[in-house]
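The values are calculated or read from the model by the stated rules, or taken from the named source; none is laboratory data. Because the structure is predicted, anything quoted here is derived from the model rather than measured. Please note: Cβ atoms are built from the backbone with ideal geometry, for glycine as well, and neighbour counts cover all protein chains shown. Side chains included, ligands, DNA and RNA excluded: accessible areas come from the protein's heavy atoms. Shrake-Rupley method; radii C 1.70, N 1.55, O 1.52, S 1.80 Å.
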Amino acid sequence: MNGKTTADLKSAIGMPDLVDFVPSPDEGLVKTIEKANLAHDAMIVLKSHCGLDEFLRSSVESGRILLVASFRDPRDTALSMLDAGTIERKAGSTRYFHQFKELEQVIRPITFSSRKLADLHQLPGVCLIPYHLIANDFPFVVGMIADHLGAGHLRNQTLGDMTGRIVDLPEFNKGIADRFVTELSDDELRLVCDNLEEEAALYDLAFCNVMERYGRLEEAQAIIAERDAQISRRLQTT
């Protein structure tokens, strides 16, 4: 999009040490980037897991910041967090997920993070991407993001550049949505369904709303119905 590699762009705007992941982008950082970027008019991408404070909320509402966020069925997130914990412990990492060994441990963090989806779901001008699309329709996701950034003309080029590298990206290497339905034990499945009921309902609402925006509501409803039928069949046998 910028016609440069990320490293070259950072050097060009005089911020070679700008990190891609920012725990909480604040107004000072945004102003510094904007000032450095005046002569370049480049698209600067930052990754964060933060919630929306007043500055970020108003910046998104005004269009000063373009926000793209993915979201996932919280019950699937629970399984993913345990998997990440296993990976970190094997690697000797203490970054974050290493602490999670039991499903009960991830319920509270997921409940807390679900508030972010509640905020984003009600905020106009946000590109929300269901993990189901990331796992199953990556070309469509590229189009969603490109259009949101005002770069729809680059979607095919971007897709071509990324297609050969997707297998090298851990997030896409999983490539399966709703693994919790089949991979959790019956007791584990019941635990996440009972403890994350409200969060799952919010996910379904946001999923349907996003898919409806793109003329794919019936597809989303069919996915949810099949998922719920599988859950029901499993739990009825226990």
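For segment 30-57: of the residues being of a type in the set (S, T, N, Q) and at pLDDT 85 or above, which is most open to solvent (accessible area, probe 1.4 Å)?
Across segment 30-57, the extreme among qualifying residues is THR32.
Look through ASP119, ASP161 and report the one residue that is open to solvent by 50 Å² or more (accessible area, probe 1.4 Å), part of a helix (DSSP H, G or I) and at pLDDT 85 or above. Break it down stepwise before answering.
Numbers: ASP161 fails: at pLDDT 85 or above.
Testing whether each residue is open to solvent by 50 Å² or more (accessible area, probe 1.4 Å), part of a helix (DSSP H, G or I) and at pLDDT 85 or above leaves just ASP119.
Name the single residue that is nearest to ILE134 (Cα to Cα) among those in segment 164-210 being modelled with pLDDT under 75 and among the acidic types (Asp, Glu).
GLU171
Can you tell me which residue is modelled with the lowest pLDDT among those in segment 58-87 that are acidic (Asp, Glu) and farther than 14 Å from PHE100 by Cβ?
Applying the filter and picking the extreme gives GLU61.
Please go through segment 1-29 and give me each residue that is without any contact (Cβ under 8 Å) to a residue 12 or more places away in the chain, surrounded by 12 or more Cβ atoms within 10 Å (Cβ to Cβ) and among the polar types (S, T, N, Q), ordered by number.
SER11
Take the conditions closer than 25 Å to ASP228 by Cβ, of a type outside the set (Ser, Thr, Tyr), in contact (Cβ under 8 Å) with a residue 24 or more places away in the chain and touching a strand residue (DSSP E or B) at 6+ places or on another chain (Cβ under 9 Å) and apply them to ALA69. Does it pass?
Against the criterion (closer than 25 Å to ASP228 by Cβ, of a type outside the set (Ser, Thr, Tyr), in contact (Cβ under 8 Å) with a residue 24 or more places away in the chain and touching a strand residue (DSSP E or B) at 6+ places or on another chain (Cβ under 9 Å)), ALA69 qualifies.
Looking only at segment 204-238, filter to residues that are among the basic types (Lys, Arg) and farther than 22 Å from ASP194 by Cα; which one of those is surrounded by the most Cβ atoms within 10 Å (Cβ to Cβ)?
This residue is ARG216.
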